[in-house]
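This report concerns only the one structure given below.
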C-alpha cells in the first residue's frame, strides 16, 4: 500500500512537469495502440469450426432403433428372446343371434283410464269451481285450473289407481302428482302428512294425505299437461 502511494505521488509530480507530461502521454497512447492491435489480431484469428456430422439414412436409423430395442428386451425381458415369437390372433366372440323360434317380446300396453267410477278426493263441498272466477278478497279475475274443496273429512284419497310422479313443496303448501297413464294425471294441493313417495304405485280410494290446516284442498286433472274440468267426471 505504501509502495503504491509513493508511486502515485511520483507520477503526480512528474505530470506537473511539462517534459514528463509528454512522455507519460506517449506511453499511454502506445499502450492503447498495442491493446487495439492485439484485439484485432484476436478477432482475425481463425476460430475452430465444429466437426460436420455425417447424415444418417432412414435404414441406419431403423437399425439403430432395432438394436436399442433388442438391448432393452435382453436386459428387462430376457424370457422373450428364449423362443420364437408367435403371433396369436384373438377373435371376438360372435354376437348371439336370436333364435327364430323365440317369440318377439311385445311392449306392455298402457293402462286404459276409466272415468266410470271417479271418486271424490275428499269429503266436503266444492267452494271454488273450475275456470275463471272473481277473487273474493282482491276482486280481480283469476283462472282456477281445478276445483277447490272445503274438506269435512280427515283423509285425501286417490281418485284413480296410478303411480306417484312428484311430491313438490312451494314453502306455503305441498303438492302431490299421480300419473294414471294415457296422458292423464291428478294433482292434489294444500295437503299435509303425505303417506306415499315418488315411484310408488297407488290404488283407487287409497289414503295418501290429510287436508292442510286451512281445510281447503285443491284437486286438478290434466291431459297431456293441459287442465281439464274435474267436475265433468266426479260423481
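What the table below lists for this structure:
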| quantity | calculated |
| --- | --- |
| Given (1) surrounded by 13 or more Cβ atoms within 10 Å (Cβ to Cβ); (2) at pLDDT 75 or above; (3) closer than 17 Å to residue 229 by Cβ, number of the condition residue 115 does not satisfy | (2) |
| Residue list for the stretch 137-159, restricted to those being loosely packed, with under 13 Cβ neighbours inside 10 Å and touching a strand residue (DSSP E or B) at 6+ places or on another chain (Cβ under 9 Å) | 140, 141, 142, 143, 152, 154 |
| Pair list, Cβ under 7 Å, 6 or more apart: the stretch 206-234 residue assigned by TED's automatic domain parsing to the domain that holds residue 158, other residue buried (at least 20 other Cβ atoms within 10 Å of the Cβ) and assigned to a helix (DSSP H, G or I) | 219/230; 220/230; 221/230 |
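The values are calculated or read from the model by the stated rules, or taken from the named source; none is laboratory data. Quick caveat: nothing in here was measured; it's all calculated off a predicted structure. Cβ atoms come from the backbone with ideal geometry, glycine included; neighbour counts cover every protein chain shown.
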